[in-house]
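Quick notes on the structure that follows.
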Amino acid sequence: MCYDISFTVNIKALSDYFPELTFDEQIEMTFQPSHIAGHSFGNHPIIYRNREDGQLHGRLMEWGCIPFYIKDEQTFKKQRASMLNARSERILNDPKSYWHKIRNRRCLVPLTGFYEHREVKGIKNKVPYFISMKDEPLFFLPGLYSVAELLNKATGEIEKRYTFTIVTTAANTIMAQIHNGGENKSRMPLLLPFTIAKEWMKEPLPDDNYKEILAYSLPAKNLKYHTVFSIRGSIMRPDDKEKNEEYFWDAVEAIKNDM
């Protein structure tokens, strides 16, 4: 699955890809962290189609969907971690899934890369990798978003909370070697070339086109990747470099590119 992402460019760069984009007032234009952890349910800049004017907007949304029918956030707290990712197979094919219910609330999640962990024999903890797309320094993952009306206990007012999930798919040959352990092994974000990412935001999006996008598999040769220092926990990187910069681990075999 995908629980750690990176965004290291200025938000204004999104306008280079979507010139018609309107930035909502609440967005922070200085936002550009090298690591966003999904389980922190933090904010990330998201591109979505505003239902009032029908235009593409950019706003900060919280990672980890809160369903629109939830009225008490505390009762959903333990379940929220399961809403960081949406399996592509369930969006159209599982009418009981929440993803099926919000399938028309499509959005794009801009990234400069994401992190995944690999089990390596002889190393106690999984080794983290930073993965990005060749020739696309900024790319966009398809996602779904939700809007819940929840009580702000500090102000006593009802607020609209915008939250999102990232669509995942079966891993390609590179990602299957990196994401090789755990309950959700052999999964990866649904990586799309920019031309297809733009299709995701078209309105309306016929079911045939929707299915075609969900079935897309990025060729492994289009990925670039390297090991990095531990991205979770309190241990600081010994060389003071950024989290997404390469870090060499002993006893880590190279990924096979010819699979």
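The values are calculated or read from the model by the stated rules, or taken from the named source; none is laboratory data. Nothing here was measured: the structure is a model prediction, and the numbers come from that model. Counting neighbours? That spans all protein chains shown, and the Cβs are built from the backbone with ideal geometry, glycine included. In case anyone asks, the SASA skips ligands and DNA or RNA and just uses the protein heavy atoms, side chains included. Shrake-Rupley method; radii C 1.70, N 1.55, O 1.52, S 1.80 Å.
A cut-off of 5 Å between modelled amide H atoms, ignoring neighbours fewer than 5 places along the same chain, links His35 with Phe7.
Run lengths n ≥ 4 of DSSP H only: what is the helix-derived mean residue ellipticity at 222 nm for the chain, with -39500 (n - 2.57) per run over all residues, to the nearest 500? Calculated at 222 nm, the ellipticity per residue is -3000 deg cm²/dmol. Under the convention that each Lys and Arg Cβ holds +1 and each Asp and Glu Cβ holds -1, the size of the dipole of the chain around its Cα centre is about 800 debye. Stretched out straight at 0.36 nm per residue, the stretch from Asp53 to Glu89 would grow longer than its current Cα-Cα span by 9.9 nm. FRET efficiency for the Asn180 to Ser40 pair, using the beta carbon distance and R₀ = 25 Å, is estimated at 0.50. What's the lysine pair count for segment 126-259 at a Cα cut-off below 21 Å, pairs eight or more apart or interchain? Going through segment 126-259 pair by pair, I get 19. Each part gets one Cα centre, and for segment 76-114 versus segment 135-181 those centres are 7 Å apart.
The H on the amide N of Phe68, modeled in the peptide plane, is under 5 Å from the matching H of Val147, each at least 5 residues off or on a different chain. Ranked by solvent-accessible area (1.4 Å probe, protein heavy atoms only, all chains present), the residues Lys78, Lys241 order from largest to smallest as Lys78, Lys241. Taking only C-alpha pairs under 8 Å that are 6+ residues apart, what is the relative contact order of segment 110-200 in percent? Relative contact order here is 27 percent. The modelled label-to-label distance for the pair Asn257/Val9, using points 7 Å beyond Cα in the direction of Cβ, is 2.4 nm. Short-range pairs are left out: with C-alpha atoms under 8 Å and at least six residues apart, the relative contact order of segment 38-89 is 33 percent. Residue by residue, segment 232-248 carries 3J(HN,Hα) couplings of 10, x, 9, 6, 7, 5, x, 9, 6, 7, 5, 4, 8, 7, 5, 9, 8 Hz when phi is fed to the Karplus relation 6.51 cos²θ - 1.76 cosθ + 1.60 (θ = phi - 60°); x denotes Gly or Pro. Restricting to Cα pairs below 8 Å that are 6+ residues apart, what does the relative contact order work out to for the chain? Please round to a whole percent. Contact order relative to length: 20 percent. Karplus-based coupling profile of segment 40-51, in residue order and whole Hz: 8, 6, x, 7, 8, x, 10, 9, 9, 9, 5, 7, with θ = phi - 60° in 6.51 cos²θ - 1.76 cosθ + 1.60 and x standing for Gly or Pro. When the GluC sites (Glu not before Pro) in segment 1-81 are filtered for DSSP coil states and for at most 12 other beta-carbon atoms within 10 Å of their beta-carbon, the remaining sites are Glu20, Glu25, Glu28, Glu52.
Each Lys and Arg contributes +1 and each Asp and Glu -1, all at the Cβ; summed about the Cα centre of segment 8-114, the dipole is approximately 600 debye. Note on the chain: Cα convex hull, mean projected area over all directions, 15.2 nm².
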